[in-house]
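Notes for the one structure printed next.
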Amino acid sequence: MYDVDRSHQPWDPPCQDHAPGVDVALRLTHLVLVDGRLVDVWSEPVEETRWQHHAARFDRERGPVPGPPPPPWQRVLDWLADVCGGCAAVAALDADPLDDDDVALPDVPDRHQLARLEATADLLDAVAGRLLDAEAGCALRRALLRVWAEEPEVVLRPTTAGHVAGGVCWAVGKANGWFRPQGDLAMGRVQEALALGSSPSGPGQRVRSALRGFRDLPAAGWRYGVPGVPGVPDLEALGHADLLVSTTRARLVRLRDRAVAARDAAA
């Protein structure tokens, strides 16, 4: 029971139809009864009152009801688009080996910058020759050149060329599933080959961000493949099909074809 206070403004019925989260004034209405008879009514904001949690609950209840999740084939196609760089890239996906037609180093007028770029490329070639193969070396070099074109400071800022090379190996290796438990290669072997005192994951995340750019890649936030869909590998979504070696793309082609067949069957 509240004491009568005539200083409040006359009652103005609050709006009952509002979108969740919108700050609507006068949501809290007080009714004052004396001997069971209504003697005063006023409304005020509910914020910072002890009834605010009720308003928050009502907002949640009025929220939109989530629809059913997309079918598995749609989730797989969406994931493939993020990994490969769009629907057109998924449609054009093949399992041909990468070639080295576009992995030559560019002309760089600054000799210090050129030295860093050359040293990093040499280290990537060495890692590919020692731990991987020529096609992997092509993917690594191509990723380095793409990072150089988009964000050269990612190549120039680290302390040594070994840190840059480690970052490129981390990003491209994660995108291809080279490292355990997806693949057979231990990350420690790359770290040892580049004489790094710490994991290349830090530089690798900067390389990954440079390769993704400002594109919205929802799959980049997914871990362990596509939730609820077995058989989808845990690959880092860089959005560049030409950084994936032929064995990786062959696996993605199979996933694409199965997803498309399921879509057509559903239609």
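Counting heavy atoms of the protein chains only and a 1.4 Å probe, report the per residue accessible area for the stretch 167-267 as a whole number of Å². Before the final figure, lay out the partial values.
On the way: 4900 Å² over 101 residues.
I get 48 Å² per residue for the stretch 167-267.
Between GLU44 and VAL229, 0.36 nm times their residue separation minus their Cα-Cα distance comes to what?
Values: separation 185, 0.36 × 185 = 66.60 nm, distance 5.01 nm.
Result for the pair: 61.6 nm of gain on full extension.
Provide the net charge surrounding ARG57, with neighbours chosen by a C-beta distance below 15 Å and charges set as Lys +1, Arg +1, Asp -1, Glu -1.
On the way: positive: ARG27, ARG50, ARG60, ARG62; negative: GLU47, ASP59, GLU61.
My count for the surroundings of ARG57 gives +1.
Given 0.36 nm per residue, what is the gain on full extension from SER199 to ASP257 after removing their alpha carbon distance, in nm? Write out the running numbers ahead of the final one.
Values: separation 58, 0.36 × 58 = 20.88 nm, distance 3.66 nm.
Here the answer is 17.2 nm.
What percent does the relative contact order of the stretch 150-267 come to when contacts are Cα pairs within less than 8 Å and at least six residues apart?
On the way: 108 pairs, mean separation 32.5, N = 118.
The value is 28 percent.
In the full protein assembly as shown, how much of ARG62 is accessible to a 1.4 Å probe, in Å² to the nearest 10?
Spelled out: ARG62, probe radius 1.4 Å, area about 100 Å².
Given the C-alpha centroids of the stretch 111-157 and the stretch 189-209, what is the distance between them in whole angstrom?
After rounding, the separation between the Cα centres reads 13 Å.
Report the per residue volume, in Å³, of the convex hull enclosing the C-alpha atoms of the chain. Before the final figure, lay out each step's value.
Numbers: hull volume 62.5 nm³, N = 267.
Hull volume over Cα atoms, normalised by residue count, gives 234 Å³.
In degrees, nearest 10, range 0 to 90: what is the angle between the Cα axis of helix 161-176 and the longest Cα principal axis of the chain?
Once rounded, one gets 70 degrees.
At a 1.4 Å probe, what is the % contribution of carbon and sulfur to the accessible area of the chain? Don't skip to the end; give the middle numbers.
Working: 8080 of 15230 Å².
Heavy-atom surface of the chain belonging to carbon and sulfur, 1.4 Å probe: 53 percent.
The values are calculated or read from the model by the stated rules, or taken from the named source; none is laboratory data. Predicted model only: the values in this text are computed from it and were never measured. No Cβ is skipped: glycine too gets one built from the backbone with ideal geometry, and neighbour counts run over all protein chains shown. Ligands, DNA and RNA are excluded from the accessible area calculation, which covers all protein heavy atoms including side chains. Shrake-Rupley method; radii C 1.70, N 1.55, O 1.52, S 1.80 Å.
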